[in-house]
Amino acid sequence: MPSAELKIVPVETKSELKQFIGLPHQIYQNDPHWIAPLNFERKRLFNPKKNPFFQHAQVQLFLAKRNGEVVGRISAQIDEEYEKRHGKRVGHFGFFESENNPETARVLFEHAEDYLKKNRAVSVTGPFNFSINGESGLLVEGFDQPLTLMMPYNPPYYEKLIEENNYQKCKDLYAWNYLAGDIPDTPLQLAAELAKHPDLTVRPIRLSELEADLEKIMDIFNSAWANNWGFVPLQNYEVKQMAKDLKLFIDPKIALIAEIKGEPAAMCLTLPNFYEYIRGLNGKLFPLGFLKLLWRIKRRKCDNARLLLLGIKKEFRQHPFNMLSMLLYTEIHTRGKANGYMRGELSWTLEDNTSINQGIELMGGKRYKTYRIYEKEL
């Protein structure tokens, strides 16, 4: 049982949701590596009317309070699309934050697990914010490296707090650092040879047709990732929301679609590291944050980006198009460097996805962060 002063509260009111969203500001107030996400974006993320994830999931948020002060939080969720895809009712936890206190973490996990068991989950994996298509994993290596768009960050002590609650490693995810130097000879030659194919075209996405192009990217994603561990397909209504979100900061010069005889065959979705623009805003756009943000976007060119997705539809993975990944790597390198992007993060990849990891290493990428997914039977 928790000590008398520690209380776990299901989030039910606007005030409690505000406390849930605000806790990271307390946890990371002295951490120079953390960058506060924008408050309005966090509010929308937890709004069932604005986040399409809630259309196919059950979610419960919990707060931990000690003597009335918020000292921890966690989410428990069940994604119905995951169950449809994998035939197993698996619960997930996410948005875990806690003071460095084993009791606080233990009671948070107990309440999250109880919620999942009551909703017939047979096991739990995480952290996922909210799903594998969002921010995934617990940072376990690379705490001193720069924070990158849509990738999680946490203190080192979270690893111990989670493992003390009988969670075991399920899968590690890798993030790779890439510097825009010279392309190695082997991938350059492979890409150059494929680029000669008369049926192949590589083009940037079109802002004027962003939703349509994102639907093509979704189609490629759902094909390319279909057999990957933990895969959950993207839905059309999620793509519509994605189009609204990405239109604010996507750079079409580094987001590419490869077409074969006009049919979408592969894609490479790279985004400027928007965190470079919001550092120091403390999550606030008003009253002055919005002006600072506009000034930074206009006057300060972002020189680093995150390669978020690179995938090839199954039917285009054989000769003569089996080197499409090399072509996309070299294209994004060349186009990115020409537009001032000098560093990139390629994330994330599965630890056991040997072909992808070897391809990144062949291009000169260096693994510099590791994120861990945990699991536990209920």
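None of the figures in this text is laboratory data; all of them are computed from the coordinates on show. A quick note: this is a predicted structure, and the numbers were derived from the prediction, not measured. Backbone-built Cβ (ideal geometry, glycine too); neighbour counts: all protein chains shown.
Ordering Tyr374, Tyr82 by the number of other Cβ atoms within 10 Å of each residue's own Cβ, fewest first, gives Tyr374, Tyr82. Legend: calculated FRET efficiency, Leu362 to Glu164, from the Cβ-Cβ distance at R0 = 35 Å, rounded to 0.05, equals 0.35.
Here Cα Rg over 2.2 N^0.38 Å was computed from the coordinates, and among [x] 1.12; [y] 1.01; [z] 1.21 the match is [y].
Each part gets one Cα centre, and for segment 286-314 versus segment 20-75 those centres are 22 Å apart.
Mind jotting down a quarter of the surface of the convex hull over the alpha carbons of segment 300-345, in square nanometres, one decimal? Intermediate values should be presented prior to the final figure.
Working: hull surface 14.2 nm².
For the Cα atoms of segment 300-345, the hull's average projected area reads 3.6 nm².
Entry note, the chain: relative contact order of 23 percent, from Cα contacts under 8 Å with a spacing of 6+ residues.
Spin-label model, Ala212 to His197: label points 7 Å out along the Cα-to-beta-carbon direction sit 2.4 nm apart.
Helix 289-299 axis versus longest C-alpha principal axis of the chain: approximately 20°, rounded to the nearest ten. For segment 58-198, taking Cα atoms only, Rg and Dmax work out to 19.7, 69 Å respectively.
Fraction of C-alpha pairs exceeding 19 angstrom in segment 176-262: 56 percent, rounded to a whole number. The calculated pair-distance distribution of segment 1-83 uses every alpha carbon pair, bins of 10 angstrom beginning at 0, and gives 16, 42, 32, 10 percent. For the Cα trace of segment 3-51, dividing Rg by the Kirkwood Rh returns an Rg/Rh value of 1.04.
Looking at segment 131-201, the trypsin sites (Lys or Arg not before Pro) that sit in a DSSP loop and have at most 15 other Cβ atoms within 10 Å of their own Cβ are Lys196. For a paramagnetic label modelled on Glu375 (point 7 Å from Cα along Cα→Cβ), amide N atoms under 14 Å away belong, within segment 154-177, to 167-173.
How much FRET efficiency would the formula 1/(1 + (r/R0)^6) give for Asn222 and Lys247, where r is the Cβ-Cβ distance and R0 is 30 Å, rounded to 0.05?
Values: r = 22 Å, r/R0 = 0.72.
Working from the Cβ atoms, E equals 0.90.
Here, segment 181-341 yields an orientationally averaged convex hull projection of 11.2 nm² when only Cα atoms define the hull.
Note on the chain: GNM, Cα springs under 10 Å; of Pro198, Pro102, Pro155, the largest mean-square fluctuation is that of Pro198.
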